[in-house]
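This report concerns only the one structure given below.
FYI, it's all coordinate maths here, none of it is from the lab. Note that the structure is predicted; figures quoted are calculated from it, not measured. Positions of Cβ are backbone-derived with ideal geometry, glycine not excepted, and every protein chain shown enters the neighbour counts.
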Amino acid sequence: MLAEIGAAIQLPQTAFTPDRLAAELAELFGQGLPANLRNDKGDSLLMLAAYNGQAEATRVILEAGGDPELANDRGQTPLAGAAFKGDMAIAGLLLAHGAQVDGTGTGSRTALMTAAMFNRTEMVALLLAHGADPDARDGSGLTAAALAGSMGAADTPAQLAGAGRPGAPG
């Protein structure tokens, strides 16, 4: 990730600690660097930071105006990247800064679907607690539980089956 950001914004290729990276980004944003800068794959600075577990850089980018719904060329949002990685801290940051829990970017899969497919039970619980719809369907008509089952996820299909449904009697 650091090499990609360095190439995208021409930072010297030196060793960056997470705090130094965040401080460098904050300084560059102060000099006018666009918070939604993308690389040749459509990955924004926020997507790269979120996907690579850089919580402090993610916070700095969000506070500089990084769009939590800006999808890459594959239609993936930063929240879906955090869900894939199982990074609870970054998912929480993204949700707190306006990421749509059922957002699909330009694709058709939600972060809940991604988390379920890779058996990320804690992430599934977090997304459900933020109102994710367990009955949403992707472009092929599959729900998160069906996608999880197709990937052989051991725990998330049952977790989703037991999830509360919006508007259902509780």
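Would you mind working out the magnitude of the charge dipole of the chain relative to its Cα centre, with +1 at each Lys and Arg C-beta and -1 at each Asp and Glu C-beta, to the nearest 20 Debye?
320
Say R0 is 35 Å: what FRET efficiency, to the nearest 0.05, do E63 and A161 get from their beta-carbon distance?
0.35
Of T110, M88, P68, which is farthest on the positive side of the dipole of the chain, counting Cα position, with +1 on Lys and Arg Cβ, -1 on Asp and Glu Cβ, and the Cα centre as origin?
Of the options given, the answer is T110.
Tell me, what HN-Hα J-couplings in whole Hz come from the Karplus equation 6.51 cos²θ - 1.76 cosθ + 1.60 at θ = phi - 60° for each residue of region 94-99, using x for Gly and Pro?
4, 5, 5, 9, x, 4
Rounded to the nearest 500, what is the chain's calculated 222 nm mean residue ellipticity when only DSSP H runs of at least 4 contribute -39500 (n - 2.57) each, over all residues? Present the calculation step by step, with values, prior to reporting the outcome.
Details: 10 runs with 83 residues, N = 170.
That comes out to -13500 deg cm²/dmol.
For q = 0.15, 0.16 Å⁻¹, what log10 I(q)/I(0) does region 73-170 give under the Debye formula with an equal point scatterer on each alpha carbon and no solvent?
With no solvent term, the Cα-only Debye profile gives -0.50, -0.57.
Which whole-number percentage describes the relative contact order of region 90-158, with Cα contacts under 8 Å and a sequence gap of 6 or more?
Relative contact order here is 32 percent.
Give me the one-decimal nm value for the distance between modelled label points at D138 and R20, 7 Å along each residue's Cα-to-Cβ direction.
Reported label-point gap for D138 and R20 is 3.9 nm.
What residue among L48, L160, L142 has the largest mean-square fluctuation in a Gaussian network model of the chain, using Cα springs under 10 Å?
In the Gaussian network model the winner is L142.
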